[in-house]
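Student: My questions all concern the structure below.
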DNA sequence: ACAAAAGTGTTTGGAGTACACCCATGA
DNA sequence: TCATGGGTGTACTCCAAACACTTTTGT
């Protein structure tokens, strides 16, 4: 439980956590609920938000983002990239959001500037989603556009998606943060296409990846598929 | 003079203002001086810092960056791009910096997270550099690496330079923010090379720019040069 | 006349793109 | 045996890179 001598209530971090299920790009969202009805006009919360937190008084902002992810997933060493800060003074104006903040933090909250991060994780890991005394789930990025999230989190996700698309152009090895340790060329191609918003030719894609020295072919194939099993690869170094 | 009911002392903006003098890339730095000697151990300040400010209570962070630039140069509609926030808790630990902050803001200052922006301006404009009751000057980006600036401003400038280099790859028209309204192809090529850290071939560069529809040839040539005068161009649309 | 930078075409290699068929596997 | 995706090669196009000489102007 946040404590006013430990926390800095002016600055927060929010994480847009991307995952890839083999077909679509997903984002991890926290279910926002307040069960206890404190007074008559308090609504029940039943919407979603990005994982995030106000920062600790002596905490680096990158460390705060790592902490949020670790509390959420139990994992360390997740790929994290700060992409933008959101400081519009009206972003914390919705009474619904203010009430929720003050309930969950036990702090008097005014304006908050949030520093947003993109995180990439392998969706196949069994994750412990128990942060913020609530649960988290994966949602298709395309579905999210139609949902109404807390604060300005729709905008943050949209911007984070653009950011990671640009980053992948410059650093293609980021794709491997989203794939399982062993993967097929098809999975790599589909992920590549989802992020680049293209549809690559299968043969040309094979040609391209065969020139990547850091992609090593394994002596294994996938299992349990109702067709010819594809060769597995791993990312090396 | 800052006033504690108007200003939010937890968040600031800093601007890395780039200019191009025809040869080298420059950054605008404020001379930091405190003339009045308040007590015996107070040093005289004679170093440099980025233009910046803590934000107003109800001010958007982008607006705060615009305000800083307008106060500094008198200009509006300057190209501005937020690139990173710096929130290491030790960045405001230097007693020298703390003292300076409290003197100039008249506020009790703790930790500050700063949101950093890159700005591009045409160096040929006659600018009114009178912000923060001090003066500002252009410095070569390469010289700055050897200087010791206030706070973590060396790091901010280095990161801002990387940022603008990437941006120019994606949006080549940003180059025209740095050039005078009328410019030669040589100027454009030299600026391009400075930012890409390359040395382009003159003929190949001419070929490339001749395919840019937004680059229009004027019926004028440069003047006062001790050699064949080059044709002038302007950027259209 | 000389110094200094402006301006101008061609060739070549590599990368990207388009395109169609047989193969292996499970049901 | 059938349905489903896996895996493979060639030809064409286009862009980037290499490369040298003549022109214009001021001193």
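The values are calculated or read from the model by the stated rules, or taken from the named source; none is laboratory data. In this text, all values refer to a predicted model and were calculated from it rather than measured experimentally. Every residue, glycine among them, receives a Cβ derived from its backbone with ideal geometry; neighbour counts consider all protein chains shown.
Student: Go through (1) touching a strand residue (DSSP E or B) at 6+ places or on another chain (Cβ under 8 Å); (2) more than 29 Å from residue A:189 (Cβ to Cβ); (3) buried (at least 17 other Cβ atoms within 10 Å of the Cβ) for residue A:141 and report which single condition fails.
Tutor: For residue A:141, the failing item is (2).
For (1) more than 14 Å from chain A (Cβ to nearest Cβ); (2) away from DNA strand C (no atom under 11 Å from the Cβ); (3) at pLDDT 95 or above, each residue gets a yes or a no:
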residue: B:118; (1), (2), (3): no, yes, yes
residue: B:128; (1), (2), (3): yes, yes, no
residue: B:136; (1), (2), (3): yes, yes, no
residue: B:142; (1), (2), (3): yes, yes, yes
residue: B:164; (1), (2), (3): yes, yes, yes
residue: B:173; (1), (2), (3): yes, yes, yes
residue: B:192; (1), (2), (3): yes, yes, yes
residue: B:205; (1), (2), (3): yes, no, yes
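Student: Quick test of your reading of the structure: residue A:169 fulfils all but one of (1) within 14 Å of another protein chain (Cβ to nearest Cβ); (2) within 16 Å of DNA strand D (Cβ to nearest atom); (3) in contact with a strand residue (DSSP E or B) (Cβ under 8 Å, 6 or more places away or on another chain). Name the failing condition by number.
Tutor: (3)
Student: In this structure, is residue B:5 over 23 Å from residue A:159 (Cβ atoms), modelled with pLDDT under 95 and within 14 Å of chain A (Cβ to nearest Cβ)?
Tutor: yes
Student: Please tell me if residue B:218 is at pLDDT 95 or above and in contact with a helix residue (DSSP H, G or I) (Cβ under 9 Å, 6 or more places away or on another chain).
Tutor: No.
Student: Does segment B:177-229 hold any residues that are more than 23 Å from the chain's Cα centre (by Cα), within 25 Å of residue B:81 (Cβ to Cβ) and assigned to a strand (DSSP E or B), and which are they?
Tutor: Once the filter is applied, which keeps residues that are more than 23 Å from the chain's Cα centre (by Cα), within 25 Å of residue B:81 (Cβ to Cβ) and assigned to a strand (DSSP E or B), segment B:177-229 yields only B:215.
Student: While we're here: For the structure I just gave you, tell me whether residue A:218 is within 15 Å of DNA strand D (Cβ to nearest atom), over 28 Å from residue B:170 (Cα atoms) and more than 14 Å from chain B (Cβ to nearest Cβ).
Tutor: Yes; evaluated as a whole, the condition is true for this residue.
Student: Is it fair to say residue A:123 is surrounded by 14 or more Cβ atoms within 10 Å (Cβ to Cβ), away from chain B (no Cβ under 14 Å), in contact with a helix residue (DSSP H, G or I) (Cβ under 8 Å, 6 or more places away or on another chain) and over 16 Å from residue A:160 (Cα atoms)?
Tutor: Criteria met by residue A:123.
Student: Further question on the same structure: Would you mention how many residues in segment B:212-230 are surrounded by fewer than 12 Cβ atoms within 10 Å (Cβ to Cβ) and near DNA strand C (Cβ under 8 Å from one of its atoms)?
Tutor: Qualifying residue count for the region: 4.
Student: Give segment B:89-106 a look and list any residue that's within 14 Å of chain A (Cβ to nearest Cβ) and surrounded by fewer than 18 Cβ atoms within 10 Å (Cβ to Cβ), or say none.
Tutor: B:90, B:93
Student: More than 16 Å from residue A:10 (Cβ to Cβ) and within 14 Å of chain B (Cβ to nearest Cβ): which single residue out of A:66, A:85, A:53 fits that description?
Tutor: Being more than 16 Å from residue A:10 (Cβ to Cβ) and within 14 Å of chain B (Cβ to nearest Cβ) holds for just one of A:66, A:85, A:53, which is A:66.
Student: Which residue, of A:107, A:161, A:99, is out of contact with any strand residue (DSSP E or B) (no Cβ under 6 Å at 6 or more places or on another chain), farther than 26 Å from residue B:83 by Cα, not assigned by TED's automatic domain parsing to the domain that holds residue A:196 and not in a strand (DSSP E or B)?
Tutor: Selected residue: A:99, the only one of A:107, A:161, A:99 that is out of contact with any strand residue (DSSP E or B) (no Cβ under 6 Å at 6 or more places or on another chain), farther than 26 Å from residue B:83 by Cα, not assigned by TED's automatic domain parsing to the domain that holds residue A:196 and not in a strand (DSSP E or B).
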